[in-house]
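In what follows, a single structure is set out as structure tokens and then discussed.
Bear in mind these aren't lab numbers, they're just calculated from the coordinates by the rules spelled out. From a predicted model like this one, the values you see are computed outputs, not experimental measurements. Neighbour counts run over all protein chains shown; Cβ positions are idealised from the backbone, glycine included.
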Amino acid sequence: MRQINKNQNILYIAPIILYILLVKLSRKSYDKIMEIWKSVLGFENIYEVSNLGRVRRIKAGRRTYVGKILKQSTKRAGYKFVLLVKNKKAYCKHIHTLVMEAFNGKRPKNKEVDHINNVKSDNRIINLQYITHLANVLKNPHFKYKDELLIDLLKDWKTKLFSQKDLAKKYNIHYSTVSRIVNGHRRKYLMQI
């Protein structure tokens with residue numbers, strides 16, 4: 001039988017201990033180690049936002065302190081927001097907007113912030129991107145009416161052969177929805193057709 005000395009024993013045990021430590025190190029702990037902070041656009045000397053979607057104060061204020069992580073609230077639609085105070089005035093800002101502006105610059109014209117995985121509360125920079133409104137609508141899993149149907153409806157409307165009630169019957173949707181579509185209150189990007 002082969003004898004194992006102390007040095008060989010450590011070589012066998014070290015990887016096991018390292019593996020156990022890595023497993024015990026939770027994902028949140030790992031993320032906090034990798035957290036990067038940048039100034040909030042428009043609030044440069046007061047607040048910072050991280051690549052994980054957290055907002056903290058960098059200037060002491062009334063009843064607050066430097067380094068305080070701000071409490072995030074959730075809007076009815078599911079988007080997270082914070083209240084930022086500047087010159088005694090409060091501003092309601094979406095977290096996803098703050099993160100994108102801090103890390104990718106000001107929002108380009110005709111673009112909006114998209115959550116890649118469609119989880120509105122996941123405001124990590126790796127989950128956000130700028131895309132057009134049309135692309136954002138089409139990737140929405142809850143998108144009820146496909147654009148092809150709406151394009152056909154608008155083409156039929158422009159021929160002036162159908163009333164709004166006729167179009168509602170033809171496409172099996174409520175006439176008030178047809179009214180909103182043809183009057184540009186729904187899918188304004190389709191009005192260019």
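For region 60-69, putting each phi into the Karplus relation 6.51 cos²θ - 1.76 cosθ + 1.60 with θ = phi - 60° gives couplings of 5, x, 5, 6, 8, 9, 5, x, 5, 7 Hz, in residue order, rounded to whole numbers and with x for Gly and Pro.
Here K111 and K169 are evaluated by their C-beta separation; at R0 = 41 Å the FRET efficiency comes out at 0.65. For region 86-140, the alpha carbon convex hull comes to 97 Å³ per residue, rounded to a whole number.
Shown is the FRET efficiency for K38 and R76, computed with R0 = 30 Å from the Cβ-Cβ distance and rounded to the nearest 0.05: 0.55. A crude spin-label estimate for the pair S176 and D152, with each label 7 Å from Cα along the Cβ direction, gives 2.5 nm. Full extension of the chain between L83 and R63 yields a length gain of 5.7 nm, computed as 0.36 nm times the residue separation minus the alpha carbon distance. The C-alpha radius of gyration of region 70-167, expressed as a fraction of 2.2 N^0.38 Å, stands at 1.47.
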